[in-house]
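Only one structure is covered here, and it is reproduced in the block below.
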Amino acid sequence: QLQLVESGGGLVQPGGSLRLSCTVSRTIFGNYVWGWYRQAPGNERELVATITRGGNTNYADSVKGRFTISKDNGKNTMYLQMNSLKSEDTAVYYCKFTIAASNYWGQGTQVTVSS
């Protein structure tokens with residue numbers, strides 16, 4: 001069973017930055033997609049960004065130019081660098097790992113953008 005552990009959430013002022021991390025429990029072989037999703041109170045969970053094994057990235061329009069997804073294969077870790085944060089970025093952020101039609105989710109980490 002694959003496990004994902006997230007970290008890096010917290011409280012930040014508008015315009016500030018945070019970096020989220022998601023580490024998988026073991027090295028993965030094969031094609032996969034790794035992504036960040038978020039869910040604000042009263043809203044559905046939505047895609048933030050994804051990255052493939054080959055390094056191809058995709059972003060939601062709302063975060064393009066502000067967020068950057070990346071990964072370190074040697075550390076089995078994916079990152080989400082979030083800059084120029086806005087109050088509407090407040091949500092629980094989840095990482096998701098998809099391989100061979102199976103989805104694995106992290107436990108979520110709270111990001112709150114407030115002055």
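The values are calculated or read from the model by the stated rules, or taken from the named source; none is laboratory data. Since the structure is predicted, the reported quantities are computational estimates derived from the model, not experimental observations. With ideal geometry, Cβ positions are generated from the backbone for all residues, glycine too; neighbour counts draw on all protein chains shown. Only protein heavy atoms, including side chains, enter the accessible area calculation; ligands, DNA and RNA are left aside. Shrake-Rupley method; radii C 1.70, N 1.55, O 1.52, S 1.80 Å.
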- Note on the structure: Sole miss for F97 among (1) under 16 Å from R19 (Cβ atoms); (2) open to solvent by less than 20 Å² (accessible area, probe 1.4 Å) is condition (1)
- Item | So N58, is it in a loop (DSSP other than H, G, I, E, B), modelled with pLDDT of 95 or more, open to solvent by 40 Å² or more (accessible area, probe 1.4 Å) and not acidic (D, E) | no
- without any contact (Cβ under 8 Å) to a residue 40 or more places away in the chain and farther than 30 Å from S115 by Cβ: does that describe F97? no
- Task: Please work out which residue is most open to solvent (accessible area, probe 1.4 Å), limiting yourself to the stretch 1-33 and to residues that are closer than 30 Å to S114 by Cβ and among the β-branched types (V, I, T).
- Result: V5
- Kindly indicate the residue of the stretch 35-55 that is in contact with a Leu (Cβ under 9 Å, 6 or more places away or on another chain) and within 14 Å of N103 (Cα to Cα) and also surrounded by the most Cβ atoms within 10 Å (Cβ to Cβ) among those meeting that condition. W36
- Item | Single unsatisfied condition, S87 versus (1) loosely packed, with under 13 Cβ neighbours inside 10 Å; (2) more than 20 Å from L11 (Cα to Cα) | (2)
